[in-house]
Amino acid sequence: MKARVTRTSLSSMHGKYILCEVRMGGTEGAHAMDEPARRSVDFCRLDEAVSRYVRPGDAVHVMMGHSRWSALVRELVRQHWGRPSEFTLIMASLSSLGAVLFRSGSLKKVVTVYSGDSFPVFTPNPVFQKAYTSGQVEVENWSFLTYIQRLRAAATGVPAVVTGSVRDSSMAENDAYEEMDTAFGRVGLVAPLVPDVTLVHAAVADRQGNLAIAPPMFEGVVGALASRRGVIATVEKVVDDLRPWSTMVRIPAHRVLGVVEAPFGAHPGGVFPGPSGARLPVRGYVEDVDHWIAVREASRRPDFDDWIEEWILAPADHDAYLAKLGPERLEELALAAEAPAPLPVGARREDPPNGTERAAVWLADLVARRVEETGADTVLAGAGLANLAAWVGVGRAKEAGHRVALAAELGLWDYTPTPGDPFIFSFSNFPSSTMLLDTEQVLGNLVNGRFLRSIACVGTAQIDRHGNINTTRIDGGPYLVGSGGGNDVITNADEVLVVGTMDRRRFVERCGYVTSPGARVGTVVTDLGVLSKQDGELVLTHVAPGPEPLADRVARVRDHCGWDVTVSPLLRELREVTNADVAELRSFDPEGYFLGRARTPVAPAAPAVRAQVPSIAPDTTAAATERKTDVRTR
């Protein structure tokens with residue numbers, strides 16, 4: 001039954017709401033807010049922390065800062081392997097290691113934002129797909145902002161929090177979302193999400209149990225404040241006094257149950273000690289990308305449980321785990337954080353641009369042009385191909401004198417990407433950021449802020465003729481990955497630009513599941529041409545150059561598009577893409593993780609027959625040019 005927020009509760013805004021005013025089912029709706037007995041924080045071993053403070057049936061929240069993992073999760077798997085503990089896992093981004101929890105057999109339900117791999121590319125994971133499809137594990141999907149806002153509702157003790165996300169998407173059918181008319185206009189509301197216990201890796205704790213974490217903060221600490229019983233934490237180090245670093249103390253000891261001193265406790269995640277001049281008293285280390293990739297590969301093999309036995313179950317304790325990694329590897333990760341060496345950009349590639357690269361170049365052209373034409377304040381770079389194109393486009397705009405900031409949902413604002421490193425959340429991008437924030441600040445207050453003009457560049461698994469995007473699940477087919485921050489920016493950015501190679505699996509007549517509504521999608525750039533929104537529908541406005549007659553290239557678009565696409569009477573031809581054009585893209589992605597996957601071979605263009613039309617015409621429909629003045633559900 002869908003949760004309902006009563007008008008009575010909204011109109012009685014006197015004093016502090018209690019959570020029982022929201023009628024809900026399951027763990028999230030109960031209001032038996034166990035008031036923990038006041039006691040000193042328990043400084044204990046890893047096994048003691050989990051056995052003492054995590055109970056079967058708990059809603060276990062794994063907090064996601066820039067450290068994506070905690071040794072506590074590994075210990076949770078060890079203690080509950082093969083046990084029907086019926087946990088509800090509250091975890092924003094599962095990543096490949098999240099599959100270990102699924103294989104443990106201890107999960108009943110997952111509340112999440114992203115169920116997929118993160119390294120080296122963002123892809124669906126077969127372990128999650130199988131568990132969701134079979135019904136072994138129930139999944140509840142949210143966008144990043146609504147996930148955080150639900151935790152905020154729980155932390156602040158109110159029955160619901162207003163959100164500008166989720167509306168007009170399939171997630172609007174979630175029980176914990178509701179829209180209603182109020183005296184202030186129509187609003188979207190999300191109900192509280194209440195964990196029983198939160199697991200977190202913090203950089204440092206003091207003797208009282210206060211926890212310090214440097215930004216960027218990803219989801220922030222609101223989930224730690226929302227937990228019924230409190231927080232158990234691994235830390236790199238325990239110090240006597242954190243007051244010299246009070247600006248980075250995020251979680252007060254009053255909310256902490258137990259602390260475990262566990263150096264490298266975030267591995268294969270990393271720890272950023274803070275920017276130069278404001279560092280916590282701890283040695284940082286970067287993410288172990290090779291280990292993340294190894295997990296991803298293992299999760300696709302029939303012997304995945306053997307990998308879990310070797311890396312999760314067999315090591316007797318955290319010291320044994322670190323010994324297996326080896327001191328040389330750990331030192332490499334720490335040295336990379338202290339003095340990052342220039343990343344190799346690889347040998348210069350002279351092979352002709354493939355279709356994926358051509359689409360990225362055309363999107364970069366469009367980004368630079370739209371920044372110039374609109375005076376955009378920020379460009380949110382989504383993951384993968386869209387990310388690389390946005391980096392190049394924003395770089396050109398800055399060189400032309402435009403004050404435009406690159407933003408990333410992890411909590412980065414106005415950062416400069418690092419050549420040789422295509423990963424958007426890489427620690428190498430942290431020091432160059434003007435501000436290190438969290439997801440709610442970047443997506444909610446800046447990119448989606450009413451007084452900043454924003455452009456979002458995103459990819460898609462499926463898109464339909466109206467610009468609706470699906471990255472969650474295929475009707476009658478597999479689970480994909482979920483929303484991430486996609487719904488938040490696609491719903492609320494001033495302008496949305498989409499990139500992807502064109503085929504009938506991706507370009508569909510109708511998205512059966514709408515992760516992000518297409519109202520603000522103005523342009524879709526592909527390897528075969530460009531579709532622009534006209535009268536609410538995507539039409540072919542630009543075609544890729546090539547040696548074939550124009551009619552054949554248009555026919556090819558129609559053959560690869562899942563609907564009977566309309567061709568604009570003002571159809572134009574895109575410019576040719578050269579090796580020089582793709583050189584900068586390749587410098588960011590020398591291994592071709594995002595650029596080396598053209599779905600269709602691209603024949604070299606014949607300059608003698610191509611038209612000289614220099615640009616993609618900007619979309620001037622209301623959807624693309626409307627400023628953020630409608631605050632009904634924002």
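The values are calculated or read from the model by the stated rules, or taken from the named source; none is laboratory data. Source: prediction; values computed, not measured. Glycine gets a Cβ as well: all are built from the backbone with ideal geometry, and neighbour counts include every protein chain shown.
Restrict the check to the range 213-229 and report whether at least one residue is of a type in the set (Phe, Trp, Tyr), touching a residue at least 24 places away in the same chain (Cβ under 8 Å), buried (at least 21 other Cβ atoms within 10 Å of the Cβ) and at negative phi.
Pass one, the range 213-229, residues of a type in the set (Phe, Trp, Tyr): 218.
Of the ones still in play, those that are also touching a residue at least 24 places away in the same chain (Cβ under 8 Å) are 218.
Narrowing further to those that are buried (at least 21 other Cβ atoms within 10 Å of the Cβ): 218.
When the remaining residues are screened for being at negative phi, the result is none.
No - not one qualifying residue is present in the range 213-229.
Go through (1) more than 26 Å from VAL394 (Cβ to Cβ); (2) touching a helix residue (DSSP H, G or I) at 6+ places or on another chain (Cβ under 6 Å) for ARG510 and report which single condition fails.
(2)
If PHE272 meets every condition in (1) within 24 Å of LEU97 (Cα to Cα); (2) among the hydrophobic types (A, V, I, L, M, F, W, C); (3) assigned by TED's automatic domain parsing to the domain that holds ARG52 apart from one, which number is that one?
(3)
What number of residues within the range 417-437 satisfy the criterion of being at pLDDT 95 or above, in contact with a helix residue (DSSP H, G or I) (Cβ under 9 Å, 6 or more places away or on another chain) and in a loop (DSSP other than H, G, I, E, B)?
Going through the range 417-437 one residue at a time, the tally reaches 1.
Whether any residue in the range 300-311 is part of a loop (DSSP other than H, G, I, E, B) and under 25 Å from PHE427 (Cα atoms) is what I want to check.
Within the range 300-311, not a single residue is part of a loop (DSSP other than H, G, I, E, B) and under 25 Å from PHE427 (Cα atoms).
Let me confirm something: among ARG370, ARG403, which residue is part of a helix (DSSP H, G or I) and basic (Lys, Arg)?
Criteria check complete, one pass: ARG370.
Report, by residue number, each residue of the range 474-507 that is out of contact with any Pro (no Cβ under 8 Å at 6 or more places or on another chain) and of a type in the set (A, V, I, L, M, F, W, C).
ILE474, VAL489, ALA493, VAL496, LEU497, VAL498, VAL499, MET502, PHE507
Does THR378 satisfy the criteria of being in contact with a Gly (Cβ under 7 Å, 6 or more places away or on another chain), buried (at least 21 other Cβ atoms within 10 Å of the Cβ) and of a type in the set (Ser, Thr, Tyr)?
No; evaluated as a whole, the condition is false for this residue.
Among the strands (runs of 3 or more DSSP E) lying completely within the range 448-548, list those that include at least 1 residues that are among the basic types (Lys, Arg) and surrounded by 24 or more Cβ atoms within 10 Å (Cβ to Cβ).
On the way: elements: 454-458, 462-464, 495-499, 521-525, 529-534, 537-543.
So the answer is 529-534.
If you check ILE474 against the conditions, is it under 30 Å from ALA131 (Cβ atoms) and more than 13 Å from the chain's Cα centre (by Cα)? Before you say what the answer is, go through the steps one by one.
On the way: under 30 Å from ALA131 (Cβ atoms): yes; more than 13 Å from the chain's Cα centre (by Cα): yes.
Criteria met by ILE474.
Restrict the check to the range 576-583 and report whether at least one residue is at pLDDT below 95 and either touching a Cys at 6+ places or on another chain (Cβ under 9 Å) or charged (D, E, K, R) (or both).
Looking for residues that are at pLDDT below 95 and either touching a Cys at 6+ places or on another chain (Cβ under 9 Å) or charged (D, E, K, R) (or both), one finds at least one in the range 576-583, hence yes.
Residues in the range 305-338 that are surrounded by fewer than 19 Cβ atoms within 10 Å (Cβ to Cβ), hydrophobic (A, V, I, L, M, F, W, C) and farther than 14 Å from ARG78 by Cβ: how many?
As a first pass, look at the range 305-338 and keep what is surrounded by fewer than 19 Cβ atoms within 10 Å (Cβ to Cβ): 305-307, 309-310, 313-317, 319-320, 323-332, 334-335, 338.
After this cut, where a residue has to be hydrophobic (A, V, I, L, M, F, W, C) as well, the list is 307, 313-314, 316, 320, 323, 325, 330, 334-335.
Then drop every residue that is not farther than 14 Å from ARG78 by Cβ, which leaves 307, 323, 325, 330, 334-335.
Total meeting the criteria: 6.
Are there helices (runs of 4 or more DSSP H) fully within the range 1-85 with at least 2 residues that are over 28 Å from PRO216 (Cα atoms) and at pLDDT 90 or above? List them.
46-53, 71-80
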